Amino acid sequence: MTKVALALIGLLVCLAAPASAQGLMTEKKVFELPSFTTQSGKTLKSVKVGWESYGTLNTDKSNAILICHFFSGNSHAAGKYATADAAPGYWDAIIGPGKAIDTGKYFVLSSDTLVNLGAGDKTVTTTGPASIDPDTGKPYGLSFPIVTIHDFVEVQKKFVESLGITRLVMVAGPSMGALQTYEWAASYPEMVGKIMPVIGAGEADGNLIGWLDIWASPIRLDPKWNGGDYYGKEPPLAGLAEALKVVTMHAQHWQWADATFDRKWAKEGENPADGFDKRYAIEATLDAAGAARAKASDANHFLYLVKANQLFVAGGGALADGLKRIKAPVLLISQPNDLLFHPDSVKRTIEGLKAGGASVEHVTLEGTRGHLDGVLSMKQAEKPIAAFLAK
């Protein structure tokens, strides 16, 4: 594999933004609920999610901002756990002292979702199908109830309230984090001052639902998945790695692929025309990225996240009705080359928000990374974000 390919693996799996010189530090904590009833009516015992914060909560607890993470992400939105960490959290470019979301002014929170993808990551705490069911002493597997974006928000709400916070200055997040942001504003308008959804629309449309199914297919086709019953056995890492490979490519854009790889071979002197074992550089890089990410991920968690995203409509009913319930001012940030949340879906969301009376500002990002520009290129939006918060 080329040096370029190796260097790209970290970015391809969406784990972190480029390194920052500033020294914002954070630590991972755990929030626990004795029980939680999902939208499906099923009650879970001992629900746990990890969380972290940046900045200081003021005396009247009025300066809190909640950041919601993307599909393959977790609560690590900014800063580092240790100075030796290779890179800070994914939105470190805009969260920190003196930055757009200024931790000298705001207390910034972020938490892992239920069924978080990184169930095998030591920095992630999450309850999901890989967790032990207290009633059986065994992993839930597919007996775990279907959960929704609204369930993610409900757990976050209980977490926020446990800190004595009754109103958030802003809720924000990229991709799946944007879905949670819309859901917060539609379900609990009295708790949300402003929202900043990034690279996300108000619902999963037919195109996204179909793509999410394609994401999930390699897992279901891996014999080791075994209908979700693989705990204590060899996990379906091959299927999961292929699924993550699809996600990685879909979240990019052809401009990036062509500029970075073009038709380069994975190994000098090994022409792909000479055999199926001879690869192009982009193939080898995607393989490596998927395999690396799969080691800390869980296949069933991936499938539950896919389902939660497919089911999403802001407010849980018709899109127009859900968007009309959003009264908070909106700073919507999108990327015109986004292949997941395409421009028409963003346009429909903006029209629905405005029809409901919400104030909407729309900022677009430039770049060749497509959907991923909403994670990697947020520095571009620093001034609009700071101005939005200052209003």
Under-5 Å amide H pairs with Ser53, H placed in peptide plane, nonlocal only: Glu27
Highest to lowest packing among 171-184, 308-321, scored as the average C-beta count within 10 Å: 171-184, 308-321
Sum of side-chain charges, Lys347 neighbourhood, beta-carbon under 15 Å (Lys, Arg +1; Asp, Glu -1): -4
Net charge, Ala390 excluded, C-beta distance under 14 Å - Lys, Arg +1, Asp, Glu -1: +2
Cα-based shape type of the range 298-391, given that a ≥ b ≥ c are square roots of the gyration tensor eigenvalues and the cut on a/c is 1.5: oblate
Cα-based equivalent ellipsoid of the chain: semi-axis lengths in Å, sorted from largest, via gyration tensor: 31, 25, 21
³J(HN,Hα) computed for each position of the range 27-36 - Karplus, 6.51 cos²θ - 1.76 cosθ + 1.60, integer Hz, glycine/proline x: 9, 8, 10, 10, 10, 10, 10, x, 7, 8
At 0.890 mPa s and 25 °C, Stokes diffusion of the range 94-231 via Kirkwood alpha-carbon radius, µm² per second: 142
Neighbourhood net charge (12 Å Cβ-Cβ; Lys/Arg +1, Asp/Glu -1) for Gly79: -1
Shape category assigned to the range 224-331 from the gyration tensor of Cα positions, a/c cut at 1.5: oblate
Residue-normalised accessible area of the chain, expressed per residue, 1.4 Å probe, Å²: 41
Relative packing of 104-115, 147-158, 274-285, which averages over residues the other C-beta atoms within 10 Å, highest first: 104-115, 147-158, 274-285
Set of lysines near Lys324 by C-alpha distance (under 16 Å), chain-local residues within fewer than 8 positions excluded: Lys194, Lys347, Lys354
Normalised contact order of the range 57-125, rounded percent, pairs of Cα under 8 Å and 6 or more residues apart: 38
Order of exposure, largest accessible area first, which applies to Val169, Val346, Val30 with probe 1.4 Å: Val30, Val169, Val346
Solvent-accessible surface (1.4 angstrom probe) belonging to Lys347, in square angstrom, nearest 10: 120
Cα-Cα over 31 Å, subset of Lys42/Lys233; Lys61/Lys138; Lys80/Lys295; Lys80/Lys383; Lys28/Lys105; Lys48/Lys295: Lys61/Lys138
The chain, relative contact order [Cα under 8 Å, separation at least 6], %: 19
Lysines whose Cα lies under 19 Å from that of Lys264, excluding same-chain neighbours fewer than 8 positions away: Lys3, Lys245, Lys278
Whole-Hz couplings from phi, Karplus 6.51/-1.76/1.60, listed for the range 112-125; x for Gly and Pro: 5, 7, 4, 6, 4, 4, x, 4, x, 8, 5, 8, 10, 10
Prolate/oblate/rounded label for the range 83-171 (Cα gyration tensor, a/c 1.5): oblate
The range 132-284 - percent relative contact order, Cα under 8 Å, separation 6 or more: 14
Surface share of carbon and sulfur [accessible, 1.4 angstrom probe, percent] for the chain: 55
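The values are calculated or read from the model by the stated rules, or taken from the named source; none is laboratory data. Predicted model only: the values in this text are computed from it and were never measured. Quick reminder, even Gly has a Cβ in these numbers, built from the backbone with ideal geometry, and neighbours come from all protein chains shown. Quick note on the areas: whole protein, heavy atoms, side chains included, nothing else; ligands and nucleic acids left out. Shrake-Rupley method; radii C 1.70, N 1.55, O 1.52, S 1.80 Å.
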